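Worksheet for the structure shown next.
Each reported figure results from applying straightforward, stated rules to the coordinates on display, with no laboratory input. Keep in mind that what you see is a predicted model, and the values were worked out from it rather than measured. FYI the Cβ positions are ideal-geometry reconstructions off the backbone, even for glycines, and counts take in every protein chain you see.
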Amino acid sequence: MEAVILILGLLFFAFVALGVYVSVKAIGAAKRGVDRTITQARRTVEETALRAKSYGQAGVGGELAQLRLALRTSMRATQEALRAGAVEDASLSESLGLFQRLSVHGQELDEELKKLERDPDRATVASLLPGLKQRTERITHSADSLRWAARDRARKFTDDDLDALNAQIDVEAGALRHWTVETDEPQGQGYGQAQERGSGPTDGVAQAITAPDPRRQTGYPWQKAARPETTN
């Protein structure tokens, strides 16, 4: 009896522990979902502000906003392209690793540009713009190269698969157009022998296509069965 009570107690605590674990996992997943939503909303607001500055603000502030916007747009597009491609192409994992290293430099540059937007010494910031533009172009060029290389690779695989499919379809189409020529007599027998059999004028002539007998066909599930012939 004591063993049964002990087993029931252990089962009870096991179910309680499992319920707590599932609850914690669910809460964690919900929190991560909320965090992603907040991060996405914050990113959207920030990029909208950058677009407004890049188009509506002249001088150093507008140029810094343009650099940040170009950097963030290129990096996000490359990240999405590589992650989507890596699902079907495992060889892109190395490209993802390179992009992660490039992202470190991109993040550092974005933070530096963000700080310079608030710097009151506009003359010093203006003197730094040529170097900042060069760094931005180097990072975005590398990101764009990875993105377009991944897209070219995916397109090449798609073209190869389409070429192979077209070749198979051509072979199948040729097979469908090929039919066996049937003859009543082997080659070498004359027309007179066919007449001796009392056959019609078309006997002995090769038939291009032999029409199938509908009564001998096996029907498909969606076809009605052929009705038997009746006599009056």
Gained length - residue 103 relative to residue 48, 0.36 nm times residue gap less alpha-carbon distance: 17.7 nm
Area projected by the alpha carbon convex hull of the range 51-184, averaged over all directions, nm²: 12.2
Spherically averaged projected area in nm², based on the convex hull that wraps the Cα atoms of the range 102-151: 3.6
Neighbourhood charge, 9 Å Cβ-Cβ cut-off, centred on residue 81 and excluding it, Lys, Arg +1 and Asp, Glu -1: +2
Rough spin-label spacing in nm, given labels placed 7 Å along Cα→Cβ, for residue 87 and residue 161: 1.3
